[in-house]
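Data first, discussion second: the structure below is written as structure tokens.
Quick note: the coordinates plus some simple rules give every number you see, no bench work behind them. Computed from a predicted structure; not experimentally measured. Every residue, glycine as well, gets a Cβ built from its backbone with ideal geometry; the counts of neighbours run over all protein chains shown.
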Amino acid sequence: MLPRSLINCTSLKFLNLANNKLNDTFPHWLGGLPDLRVVILRSNRFHGPLNISGDVKPYFPSLRVADLSGNEFSGLLPPIFFQNLRAMKHERNLSKTVIQQDLEDASSKGINPDYIFNLYRQVSVNVTIKRSERELEYIRTLQLLTAIDFSNNRFYGKIPDVIGELRAIQLLNMSHNRFTGRIPQSMAQLVALQSLDLSSNRLSGRIPSQLTKLTFLEVLNFSHNKLEGPIPHGNQFNTFENDSYGGNMGLCGFPLTKQCDSGEGPNPAAPKLKEDEGSPISFFWKLVMMGYGSGVVLGLSTGYIVFTIGRPWWFVRMVERDWQRNFTRWIRRVQRTRN
């Protein structure tokens, strides 16, 4: 179990317990540490829900990296967990202010700032960026990363809408869980997001078109869910390939080979057809065909009446004379052919 005496380390800023065999529930009491910025519990045996203690206020106010991946956490994600992550809500550059504050605090306590700086350089954290694991120094972590990684656990239920309040987050990985329901439209508010992985869950419905507003997004993985409908287009979404959407039988449209039905997306031929119908050329040919059809009917009707009543006589005689002359020529041609 994780020793609760850590709650007395009120100046603790970085906690990395990855790749051990710790068997415990979520240490919610760590939320009372005011300066804790990085919590890494990856690849242990932590289990159970993310119980939130009402006695801890504020709750993880300085947290910028939360890595709980590769454990056995389960249950619903409590919205209050995300509502208290103040450092992930505001878009601001903390890369210098955080380090500078730490060095100033050390100096005020009679500690050589160079010692603190060199100590930070020796501490590293493993993070998954663009589907590959990288080792970053603690200083580079503060400079480059604001992240939540809950992957490879047993969380279920809906992803809370309040996650859209974390406007400073850059990496969000909730893959390989049992999440259901729709992808929250509020994720379109994560304007700093660079990597989003929701793969291998049970998410359903359509991909929100609002997500095309995430112009910094470099990595996207929605594969192996139950998503359906057309894939949105625009901005970064035009750069993602098939593997970002594979395993969703109901999805259609670019970049997949499966085309969307006419009812699921705009039909590019429909506006063109409507435009052709109202064009001057189309109207001209309609008049031609109408005139041709009317002329044929009128000609047949007039001919029948003329030859029935025998008037006008000059027209009837002219037609008979021409018919007789042509008939005589045809008889002579036939006789000539036989001889």
Quiz item: How much net charge surrounds L22 when only the other residues with a Cβ under 12 Å from the Cβ of L22 are counted, with Lys and Arg +1 and Asp and Glu -1?
Solution: +1
Self-check item: Highest-first arrangement of 235-242, 83-90, 22-29, where packing means the average Cβ count within 10 Å
Solution: 83-90, 22-29, 235-242
Quiz item: Hey, with R₀ at 30 Å, roughly what FRET efficiency would H90 and S204 work out to, going by the Cβ-Cβ distance, to 0.05?
Solution: 0.40
Practice problem: Starting from the Cα-Cα distance between H233 and N20, subtract it from 0.36 nm times their residue separation and give me the gain in nm to one decimal. | Solution: 72.4 nm
